[in-house]
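One structure is given below, encoded as structure tokens.
The values are calculated or read from the model by the stated rules, or taken from the named source; none is laboratory data. Note that the coordinates shown come from a computational prediction; the quantities given were computed from them, not determined experimentally. Counting neighbours? That spans all protein chains shown, and the Cβs are built from the backbone with ideal geometry, glycine included. Ligands, DNA and RNA are stripped out before the accessible areas are found, and what is left, the full protein with its side chains, is counted by its heavy atoms. Shrake-Rupley method; radii C 1.70, N 1.55, O 1.52, S 1.80 Å.
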Amino acid sequence: GIAPATSVGMGVSSFKDLRAWQSASAVRKAVISLCQRRAIAGDLKFRDQFDSASSSACRNLAEGFGRYRHPDFARFTVISLGSLNELLDLCEEASAKGYISSEEHGSLTAQIAETIDVTNRLRRYLQNTPTPKERLRHKRT
């Protein structure tokens, strides 16, 4: 595959450029769509948790990107990974409650698993490389 280094510091000027964020955003859009279903929308606690976990994965990647230093950013990827794993469990619950079909379950869990994989690659890159000097010079307040 493509080196994880292309995820940060090489032509990346926004969190939206990160493959991990793009993948998490696609998952979030799928969850938002599912949350509009009557059965899910009526289960307020479940709906809110499903929506919150999907949004958290994206938000933590964006916040980590804004931290500039690799160790800080890596910490936020770990939080994002926790939210993505929570989403896997919520998919199990959605399936058990009959909110999603087995095909939808398989598709969404595969999408989440791919997001976990790309986020893990980003995390490993951040944990194993120093913060580039240009990231330190362009620190925003």
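Just a few scattered comments:
- Close pairs (7 angstrom Cβ cut-off, 6 or more residues apart or separate chains): in contact (Cβ under 8 Å) with a residue 24 or more places away in the chain in region 13-31, of a type in the set (Asp, Glu) and in a helix (DSSP H, G or I) anywhere: SER23/GLU114; VAL31/ASP51
- Residue selected from region 56-89 under the condition out of contact with any helix residue (DSSP H, G or I) (no Cβ under 6 Å at 6 or more places or on another chain) and assigned to a helix (DSSP H, G or I), by the criterion nearest to GLN127 (Cα to Cα): PRO71
- Selection status of GLU92, open to solvent by 60 Å² or more (accessible area, probe 1.4 Å), modelled with pLDDT under 95 and in a helix (DSSP H, G or I): no
- Out of SER54, SER33, SER102, SER23, sole residue that is within 18 Å of the chain's Cα centre (by Cα) and open to solvent by 60 Å² or more (accessible area, probe 1.4 Å): SER33
- Cross-chain or 6+ apart pairs with Cβ under 7 Å, region 65-85 first and hydrophobic (A, V, I, L, M, F, W, C), then open to solvent by 70 Å² or more (accessible area, probe 1.4 Å) and at pLDDT 95 or above: ALA74/GLN127; PHE76/GLU63
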